[in-house]
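See structure below.
The values are calculated or read from the model by the stated rules, or taken from the named source; none is laboratory data. These figures come from a predicted structure and were not determined experimentally. All Cβ positions, glycine included, derive from the backbone under ideal geometry; neighbour counts span all protein chains shown. Side chains are part of the model used for accessible areas, which takes the heavy atoms of the whole protein and leaves out ligands, DNA and RNA. Shrake-Rupley method; radii C 1.70, N 1.55, O 1.52, S 1.80 Å.
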Amino acid sequence: MEELDILHRALGSRLVIEAAEVAKYARDSSRELAMGTAQAVVLAESTVDVSAALSWANAAKVPVSVRGAGTGLAGGAVAYEGGLIISLERMNRILSLDVPNRLAVVEPGVITADLDAAAHQHGLFFPPDPASARTSTIGGNIATNAGGLRCVSHGVTSDAIAALEVVLADGRVMHTGAQTRKNVVGFDLTSLLVGSEGTLGVITAATVRLKPVAPGTPRTFRASFPTLESAGDAVTAIVNGAAQPEVLELMDALSVEVVESYFPSGLVVPAGAMLVGQTVGLDAQAKAAAITQTCLDAGADEVEISESDSLLEARRLSNPALNARGLKLSCDVGVPIAALSEVFRGIGEISRQHGLRVSTVAHAGDGNLHSAVEALDTPEGIRAADAVLDDITRLAFSLGGTISGEHGIGSVKRHELPWQLDAVTLDVQRAIKRALDPHGILTPDRAI
């Protein structure tokens, strides 16, 4: 097409139009089935490439999907029919690492664990730690405001973002934020863009905050519980106790059994649920002992403290293991900590009502749950599982929670937006979208 020729002259080999190659970038890791056939993929290597691509798409009014590693679970990176895909995977450089100021400037395609490893060489670390840290990118984490295992102690991605470089829908490049801890100049556009799921602009660089690695040897702890509800009670007690963990995760009995069957490590399957976590600092052993005692007081039937992090590895392996077992359809919700026992009880009732097995893993320390449903890989099976996930989401919201804690809305959960956001709130959010993207080319009909 003549219009694509214009873009090809700007990008050269970085514009891919072969159908088989384009198809490789057409979907993410979600259950979204409504995948379009895109015209081309831009394999961006610089901000200039992204700017050229968006200038062209804006003028041609072509819808754009943006992707990093494709690990998203909400359908936010799925291709549009006749659309343009912008891939940021080649923009994977750590541009600078400022040790005295504990800052790093990174491109969006940097793998989360790679940034963490680079920071560790200087006695620092990158706090956000999603379970997919070895495959997910910084840009994707920013787009969804991902949390992860360490969020109970260090917050979510937005807490680690100091400044952004963003290409707007019309190709203009904008810079937000500052390298200082305090900054009240103008509107807080950095916070607006974090979690915006590619609807307001494409992030091409981020200045992120790092933290010093705690001294001493970390301790990993495990506590097995007879029921999910008793594990939930333990989480509430731990979060409100004096000894605070850096990580506090939950795996129900089904998820432990599935992980152990696919990645055997000698892990004992609990009757109800297992809490795993980690303490850091010179008093890590004392904190782990206090936390496991809290677990025993809450009804745990077995506890363990170790210097090995193999227990956390089991938690990181839960998603691939559950997917392999057929528990591929999942939802991401959040509830207040005190509501954990009630939401676990409710999930059990929903599972029984629908006659479908549900597995739940959670960043328990901040009430962020990920429930997966065992479903037949057929349209009917997917619809049945979706009904379960909708009921779990309604339950979480009814308990004062949120319909998404970190995966985002994308296309998969967009029908749930009115459950949480009233008409005025939705209107204001969509007005902001129109102001920054008047032609609606950036990730249209997703997220808001």
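Values for this structure:
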read-out	value
Theoretical ellipticity at 222 nm over the chain - DSSP helices of four or more residues, -39500 (n - 2.57) apiece, nearest 500	-10500 deg cm²/dmol
Protection proxy ranking, peptides 336-343, 61-68, average beta carbon neighbours within 10 Å, highest first	61-68, 336-343
All lysines inside 21 Å of Lys413 as judged from Cα atoms, apart from same-chain residues fewer than 8 positions distant	Lys328, Lys433
Spatial separation of Cα centroids for the range 63-90 and the range 408-448, in angstrom	17 Å
Net dipole in debye of the chain [+1 Lys, Arg Cβ; -1 Asp, Glu Cβ; about Cα centre; nearest 20]	740 debye
Inter-label distance, nm, simple model (7 Å from Cα along the C-beta direction), Asp98/Ala286	3.6 nm
Net length gained if the chain between Ser13 and Ser46 were fully extended (0.36 nm per residue, minus Cα distance)	10.5 nm
Accessible area (Å², per residue) of the range 78-199, counting only protein heavy atoms and a probe of 1.4 Å	42 Å²
Accessible surface, the range 304-398, averaged per residue in Å² (probe 1.4 Å)	41 Å²
Selected from Val64, Tyr80, Thr176, residue furthest toward positive end of dipole (the chain; charges at beta carbon)	Thr176
Mean shadow area of the range 307-448, taken as a quarter of the surface of its Cα convex hull (nm²)	10.9 nm²
Relative contact order, percent, the chain [alpha-carbon distance under 8 Å, six or more residues apart]	16 percent
0 to 90° range, to nearest 10: angle between helix 47-60 axis and the chain longest Cα axis	70 degrees
Calculated P(r) of the chain - Cα pairs past 39 Å, %	21 percent
Signed unit charges on C-beta, dipole axis of the chain, positive-most listed residue Asn323, Ser359, Pro444	Pro444
With every protein chain in place, the chain: carbon and sulfur % of accessible area (1.4 Å)	54 percent
Cα centroid separation - the range 338-383 against the range 173-197, whole Å	36 Å
Selected from Ile94, Leu54, Ala104, residue furthest toward positive end of dipole (the range 1-140; charges at beta carbon)	Ala104
